[in-house]
Amino acid sequence: MRLADRQGCFPMNIFKREIQTPTAGWSALRIGFAAFCLVGGYFAFQLVIALSHLWLMMFAAVVMAVVIRSVADPVIRVTRLPASLVVIASVLLIVGLIVLALTLFGSEITNQAAAILASIPLGVSRIEQLIQDQPFAIPVRQMTVQLGAYAGTALDWAQTFAMGIAAALTGLLLVSVAGIYLALSPVKAREGLVVLVPRQGRARARYILDTIGEALKGWLRAQLIAMVVVGTVSGLGLWLIGVPSPVALGVLTGLLNFVPIVGPVVATIPAVLMGATVGWDQALFTLLLFFGVQQIESMLLVPLVQKNVASLPIIVTVFSVVAFGSLLGPLGVVLSGPLALTIFALVILIYRQDILGDRTIKAPGEPD
């Protein structure tokens with residue numbers, strides 16, 4: 001049996017219909033039906049846009065299920081225990097590790113976070129004083145006045161961002177429950193999508209969904225390792241430099257590292273401000289520390305942990321953050337990495353391989 005028959009090429013002829021030449025002009029019934037289709041399509045598109053937050057929550061549940069299965073699948077392969085038992089044990093393990101971390105470091109992180117919030121205004125004032133003492137202070141102040149016109153818009157955006165984060169936290173319980181359910185029965189969830197495809201394309205649809213699942217597993221595994229390493233190295237470096245609240249800043253840096261491009265930049269700001277409260281040397285060393293950590297991550301850590309399992313072109317990563325942030329808000333920024341990976345894999349698997357027939361390129365998650 002040919003590889004194309006086994007793995008399946010998504011049969012593009014399922015979209016084709018026999019074209020019949022009309023024997024008469026457009027009747028009133030056909031015109032009415034066409035108008036109904038256009039209006040229905042418009043409202044269906046608007047419905048999809050209006051429910052974008054729901055689709056994001058569903059995708060977040062899929063990501064959570066992938067995280068749980070990443071922990072459970074190796075245990076299932078080695079022990080041959082029932083999948084449901086291992087998945088429940090994996091959930092309990094993940095929750096237990098979070099509770100243990102909060103028990104050991106929660107109070108310290110909370111105290112240091114409060115110290116960061118209290119010290120940031122001092123760091124801002126010191127940086128402003130440094131700018132005023134420089135020869136370029138007048139042009140900078142003029143630029144500040146011009147940028148002040150956009151302060152209202154920036155404030156509105158910040159409020160929208162905060163509301164989006166609050167809404168995401170509110171839906172965390174629903175996402176967690178859905179993610180656990182998907183992790184317990186991934187095959188059933190996959191088949192629920194496969195049955196929407198014509199019979200001749202179902203084998204290929206299963207292959208595509210499985211490939212995307214493997215790509216997400218590889219990407220999330222790499223991100224979790226990078227988050228732990230970057231957060232730990234950053235916290236230790238800040239402690240050695242003498243920056244206050246290194247534990248809280250390290251945890252914040254590790255968590256924000258989940259968001260590509262934007263996260264590391266955002267994490268640098270409070271660290272530099274905290275360094276400025278001690279002295280300009282600490283602020284400069286903090287900036288150099290974060291720059292060095294990001295360079296080590298991009299050049300050494302990411303290639304090592306990903307090993308081309310789920311790598312994305314940097315240009316795709318950059319524009320995905322901008323696009324999903326603009327279209328879907330803060331939650332779109334947080335999920336921009338796995339969303340971009342999923343769309344990138346779909347483009348290769350369906351468009352490049354099935355429509356164009358180009359099998360020379362492999363999608364993320366495909367075996368070599």
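The values are calculated or read from the model by the stated rules, or taken from the named source; none is laboratory data. Predicted, not measured: the structure shown is a model, and the values here were computed from it. FYI the Cβ positions are ideal-geometry reconstructions off the backbone, even for glycines, and counts take in every protein chain you see. All accessible areas refer to the heavy atoms of the entire protein, side chains included, with ligands and DNA or RNA removed. Shrake-Rupley method; radii C 1.70, N 1.55, O 1.52, S 1.80 Å.
A few points about this structure:
- Close pairs (6 angstrom Cβ cut-off, 6 or more residues apart or separate chains): at pLDDT below 90 in region 342-365, part of a helix (DSSP H, G or I) and open to solvent by 50 Å² or more (accessible area, probe 1.4 Å) anywhere: D358/R352; I361/R352; G365/E214
- Annotation: of all residues in region 193-210 being free of Cβ contacts under 8 Å to residues at least 24 places away in the same chain and open to solvent by less than 40 Å² (accessible area, probe 1.4 Å), the one that is farthest from the chain's Cα centre (by Cα) is V197.
- Within region 211-233, restricting attention to residues that are open to solvent by 40 Å² or more (accessible area, probe 1.4 Å) and among the β-branched types (V, I, T), the residue that is nearest to P338 (Cα to Cα) is I225.
- Candidate set from region 258-279 (those that are within 16 Å of V322 (Cβ to Cβ) and over 14 Å from the mean Cα position of the chain (by Cα)); member that is most open to solvent (accessible area, probe 1.4 Å): V265
- Set side by side, the residues L252, L236 differ, and just one is under 28 Å from V318 (Cα atoms) and either open to solvent by 10 Å² or more (accessible area, probe 1.4 Å) or aliphatic (A, V, I, L, M) (or both), which is L252.
- Pick from region 91-106, criterion in contact (Cβ under 8 Å) with a residue 24 or more places away in the chain and open to solvent by less than 70 Å² (accessible area, probe 1.4 Å), ranking: farthest from L249 (Cα to Cα): V91
- Candidates I98, I94, I88 - the one that is farther than 30 Å from W239 by Cβ, of a type in the set (V, I, T) and at pLDDT 70 or above: I88
- Taken over region 240-263, the residue count meeting the criterion of being more than 20 Å from Q282 (Cα to Cα) and of a type outside the set (S, T, N, Q) is 9.
- Residue within region 34-47 that is touching a residue at least 40 places away in the same chain (Cβ under 8 Å), closer than 22 Å to L193 by Cα and open to solvent by 80 Å² or more (accessible area, probe 1.4 Å) present: no
- Meets criteria (aliphatic (A, V, I, L, M) and in contact (Cβ under 8 Å) with a residue 24 or more places away in the chain) for A72: yes
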